[in-house]
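Trainee: My structure is below; once you've seen it, I'll send some questions.
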Amino acid sequence: MLYCSTRNHALSLSAAEAIVQGISEEGGLFVPQSFPEISSEELKSLAEKSYTERAVVVLSKFLTDFTQEEIKECVEKAYSAQKFSSSRIAPVAPVGERYLLELWHGPTCAFKDMALQLLPLILKKSAEKVLPNKQVAILVATSGDTGKAALEGFRDVSGTQVFVFYPADGVSSMQKLQMVTQRGKNVHVCAIHGNFDDAQREVKSIFTSRKVIEDLSARNVVFSSANSINWGRLAPQIVYYFSAYCDLLQAGAIQNGDPINVAVPTGNFGNILAAYYAKKMHLPIQKLICASNSNNVLTEFIQTGKYNRNRPFYATISPSMDILISSNLERLLYDLSGRDDAYIAGLYQQLERDGICSVDDRLRAKIQDEFYGGYCDDEQTKRVIKEVFEKEHYLCDTHTAVAIHVCDQYRRETKDSAPCVVASTANAYKFPSSVLSALGEEPEGGDFEQIERLARHTKTVPPAPLLALKDSQVRFSQVIDREHMKEYILQSFAEE
Ligand SMILES: *Cc1c(COP(=O)(O)O)cnc(C)c1O
């Protein structure tokens, strides 16, 4: 399996090369040159397998420059009992008429773990193939969740160093605590004065700074990236859609070949794109339901074909979806345009210049064939949390609630009654204040008081990794100006 770029069809890279490089030089994203299929018989045999066995089968089709043993080793290490609180890794829970695919049993209690537990191991193996004997430095600018998930994933993976920069006043207190108490020999966490965009911009400029690249190269170090446009983060996400289908088969909820729908709370379009790719591989998915919060740029795009990021930005109670530029959408448009790299390059040039672009009618019709777009605001989100808890005794987080709302709306509007799998992307205890207030409780006190109150009120058990933070020591308290991020990185290597 070889990879090309969405803006340059002529490229031909191995999976290891695409994963180490992260993004293509001309700004496009790496995509497989064709999509492997999983036949109905193969699907049936997958149903009898464990999550890790399913992952090896699906990933082997994309990582053809890896041996089966290499993939198995990475997968078993990533989705181990030490790291995941459920032995099923991504279990499916029936809730009313829907099936919730719980993607938050990993160490940080959110779905980013599904990819970021595996990516570091795959990236290390890729680097060994492509750039033997080099150390890899990973730079992450984070507004919260990604930083912690990257730290946990790269923690003590030999041959790698991970640097996470977060805005000093731009993350929640729980998110901050998760990062500054991080254990591991190869992790570096630093706050910067400024907001997330400042951190992000500086990281991008360091990535491409000739001076820094040369300084690091002299120390035998290369940069790579763990952000959500890396193919190595997308591929592991395809697995859990197959796994969910298999679980429904095993439970007798569907027969092999029956169509399902999938609803996903969407930000950067990575998670729902993985579902689209699963469908391309012949998983019987009928409709892909793209759920947004008040930052509903994707809802408008799916309904009208116009992408317009020149709009107000809302800080919502589902913060991981507060995104106006959904990077992975480019991969979908590339695919649905018939892999027209010149068209995509032009479209994104226009979007970067004007903040707005429109796709042609044919492409819009294709998007609408595959996707349904809807959104919901904070008030509706809270109402869903309360309703689902009162009716079904199931506690869901704010992001998942957005997807449940749009899934229900789709079913009402279209009368499409196929079983619907809803991606549940975070544990409710990650957002105790919003969830408490949704349930009509006062969100008083600090994080741990809120967690206790939520546990008492709902008679549910908070996840151990969050409770453990209460007694863990702060390791990283440095706050620097963003001009000093370069030195911070270089110093860390000088100290070794
Ligand atoms: C990152 C994230 C999302 C959005 O996923 P994308 O792949 O960026 O669309 C949704 N919910 C939670 C909890 C997340 O952390």
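The values are calculated or read from the model by the stated rules, or taken from the named source; none is laboratory data. Here the structure is a predicted model, which means the values were calculated and not measured. Backbone-built Cβ (ideal geometry, glycine too); neighbour counts: all protein chains shown. Side chains are part of the model used for accessible areas, which takes the heavy atoms of the whole protein and leaves out ligands, DNA and RNA. Shrake-Rupley method; radii C 1.70, N 1.55, O 1.52, S 1.80 Å.
Trainee: Could you identify the single residue in Gly346, Gly338 that is part of a helix (DSSP H, G or I) and not charged (D, E, K, R)?
Mentor: Gly346
Trainee: Could you list, in sequence order, the residues of the range 307-324 that are touching a residue at least 40 places away in the same chain (Cβ under 8 Å) and either of a type in the set (D, E, K, R) or outside any strand (DSSP E or B) (or both)?
Mentor: Arg309, Asn310, Thr316, Ile317, Ser318, Pro319, Ser320, Met321, Asp322, Ile323
Trainee: When you scan the range 196-231, how many residues do you find that are over 25 Å from Lys176 (Cα atoms), outside any helix (DSSP H, G or I) and among the polar types (S, T, N, Q)?
Mentor: 3
Trainee: While we're on this one: Name the residue, out of Asp113, Asp65, that is among the acidic types (Asp, Glu) and open to solvent by less than 20 Å² (accessible area, probe 1.4 Å).
Mentor: From the options Asp113, Asp65, the qualifying one is Asp113.
Trainee: Kindly indicate whether Val262 is open to solvent by less than 30 Å² (accessible area, probe 1.4 Å), at pLDDT 90 or above, within 15 Å of the ligand (Cβ to nearest atom) and of a type in the set (A, V, I, L, M).
Mentor: yes
Trainee: Shifting gears a bit: Is the range 111-134 home to any residue that is more than 13 Å from the ligand (Cβ to nearest atom), under 24 Å from Leu63 (Cα atoms) and part of a strand (DSSP E or B)?
Mentor: No.
Trainee: Can you work out which of the residues in the range 383-401 that are assigned to a helix (DSSP H, G or I) and within 16 Å of the ligand (Cβ to nearest atom) is surrounded by the fewest Cβ atoms within 10 Å (Cβ to Cβ)?
Mentor: Here the residue is Val384.
Trainee: Continuing with this model, one more query. Identify the residue in the range 402-459 that is part of a helix (DSSP H, G or I), of a type outside the set (A, V, I, L, M) and within 16 Å of the ligand (Cβ to nearest atom) and, among all such residues, is farthest from Ser294 (Cα to Cα).
Mentor: Among those that are part of a helix (DSSP H, G or I), of a type outside the set (A, V, I, L, M) and within 16 Å of the ligand (Cβ to nearest atom), it is Tyr429.
Trainee: Could I ask something else about it? What are the residues in the range 445-496 that are of a type in the set (D, E, K, R), touching a strand residue (DSSP E or B) at 6+ places or on another chain (Cβ under 8 Å) and loosely packed, with under 15 Cβ neighbours inside 10 Å, if any?
Mentor: Arg475, Asp481
Trainee: Got a number for residues in the range 226-259 being open to solvent by 20 Å² or more (accessible area, probe 1.4 Å) and within 16 Å of the ligand (Cβ to nearest atom)?
Mentor: 3
Trainee: Another question, then. Mind checking which residues of the range 152-170 are out of contact with any Gly (no Cβ under 7 Å at 6 or more places or on another chain) and closer than 20 Å to Lys77 by Cα?
Mentor: Hits for the range 152-170 are Glu152, Gly153, Phe154, Val157, Ser158, Gly159, Thr160, Gln161, Val162.
Trainee: Residue check, Phe301 against (1) over 20 Å from Pro91 (Cβ atoms); (2) touching a residue at least 24 places away in the same chain (Cβ under 8 Å); (3) open to solvent by 20 Å² or more (accessible area, probe 1.4 Å), all met but one. Which one?
Mentor: (3)
Trainee: Next up: Quick one: how many residues across the range 304-354 are among the β-branched types (Val, Ile, Thr), surrounded by 20 or more Cβ atoms within 10 Å (Cβ to Cβ) and away from the ligand (no atom under 16 Å from the Cβ)?
Mentor: Residues meeting the conditions: 1.
Trainee: Take the residues in the range 34-62 that are closer than 18 Å to Leu2 by Cβ and of a type in the set (D, E, K, R), then tell me which one is surrounded by the fewest Cβ atoms within 10 Å (Cβ to Cβ).
Mentor: Glu37
Trainee: Now, a different point. On the given criteria, is Asn220 buried (at least 22 other Cβ atoms within 10 Å of the Cβ) and more than 16 Å from the ligand (Cβ to nearest atom)?
Mentor: So Asn220 does not fit the description; no.
Trainee: Next question. Say whether the condition of being of a type in the set (Asp, Glu) and open to solvent by 30 Å² or more (accessible area, probe 1.4 Å) is met by at least one residue in the range 415-432.
Mentor: Checked the range 415-432: no residue is of a type in the set (Asp, Glu) and open to solvent by 30 Å² or more (accessible area, probe 1.4 Å).
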